[in-house]
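The values are calculated or read from the model by the stated rules, or taken from the named source; none is laboratory data. Being a predicted model, the structure only gives us computed values, none of them experimental. No Cβ is skipped: glycine too gets one built from the backbone with ideal geometry, and neighbour counts run over all protein chains shown. To get the accessible areas, we keep the full protein, side chains included, count just its heavy atoms, and leave off ligands, DNA and RNA. Shrake-Rupley method; radii C 1.70, N 1.55, O 1.52, S 1.80 Å.
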Amino acid sequence: MSLVALGRSVLPLDGAGVNIDDVGGKAAGLDHLASYGFPIPSSYVITVGAYQRSVALAGLSPWIADLAMRPAPNPHDLRAEIDDIEDAFRAITLEAGLRREIETAAAKLLARGRVAVRSSATAEDLGVASFAGQYRTFTRIDDIDGAIDAVKRCWASLWLPAAREYRFRHSVSSSGLAMAVVLQSLLEADWSGVGFTIDPASDRRSMRVEMVSGLGEALVSGHVTPVDFSIRRDTLEITSSDPGSQPLRIIEDLARMMLQVETRFDEPQDIEWAAVGSDLVLLQARPVTVVGPRSLFDDGFDEPVNSRDEFTPHG
């Protein structure tokens, strides 16, 4: 599908080049992958500027400034604060031009199937903190109104208590924070998972891949036990916790692609991926920020949302 810029607020992620300050870490990483010819889903990004204008026009800026300084609520008040923040963002009335751009992008993608809506914050994948699990992703969106609502909820996730607390713990300033949003074709994956070009749990001579069948929310929710693979970086020799039932050809192809990504990005990478049949698609690449034991459940997916058609992995 040919992707073209729809205006100043919605841009294609096709490898032509984007500014990370305009589109956030996740979107910039996807565009970087595309620029080197790596396969990514058809994707657009709703820019940081769209978020900033929408917040300002809705009169939310003073409230957000106060929220940024507020400590996380006690557990009894947590749900109420989350609902208040989401309600405030979902009530935003979009500028007519922005709404048309989002509707056009969503319609192009929905013509091919369901879509995913993913957060792409300006404070994301900083090298010292990955923000895995702090910002939201919504999957299986099947209409334009649902896509627009998911965009607003991704905006809201920038200020939810968990994200604010995470920034506080990692000494990340809230000054100037903003949220872009990726809108992309949803892959009905046969297999999905994460890969580390250097195994963060053990041996720097090995890569690590963890995978589940189907979409990634099964992995993040803990409802399915993933299969672990260790791959020698020099020989691509594969060992597995359950070698008899897995598509080893996909793992071999993925291992080669992971090393190519590491070479292009010039540092070890934490890669989110999916396979449809024998075709591999990369959903995200970020620097490996954790040295030492790390679990699949802190893998770079965005945070899942408890509903029929949403999931919140790591962001």
Fill in: Amide H contacts of residue 45 (H built 1.01 Å from N, under 5 Å, at least 5 apart or other chain)
11, 13, 183
Worksheet entry | Summed side-chain charge close to residue 173 - residues other than residue 173 whose Cβ falls under 12 Å, Lys, Arg +1, Asp, Glu -1 | +2
Item to complete: Name the residues whose placed amide hydrogens come within less than 5 Å of the amide hydrogen of residue 8, ignoring near sequence neighbours (fewer than 5 apart) on the same chain.
Response: none
Discussion item. When a/c reaches 1.5 or more, the comparison of a/b and b/c decides; with that in mind, is the stretch 136-194 rounded, prolate or oblate per its Cα gyration tensor?
Written reply: oblate
Practice prompt. Leaving ligands, DNA and RNA out of it, work out the accessible area of residue 89 with a 1.4 Å probe and give it in Å² to the nearest 10.
Written response: 0 Å²
Discussion item. Quick one: 3J(HN,Hα) in Hz for the stretch 63-69, Karplus 6.51/-1.76/1.60 with θ = phi - 60°, rounded, Gly and Pro as x.
Written reply: 5, 5, 4, 5, 4, 4, 8
Discussion item. Taking θ = phi - 60°, what integer Hz values does the Karplus form 6.51 cos²θ - 1.76 cosθ + 1.60 yield along the stretch 178-192, in sequence order, with x for Gly and Pro?
Written reply: 8, 10, 8, 9, 8, 10, 8, 4, 7, 8, 7, 6, 7, 9, 8
Item to complete: Work out from phi, with θ = phi - 60° and the Karplus expression 6.51 cos²θ - 1.76 cosθ + 1.60, the ³J(HN,Hα) of each residue of the stretch 256-265, listed in order in whole Hz, and give x for Gly and Pro.
Response: 4, 5, 4, 5, 5, 5, 4, 4, 5, 8
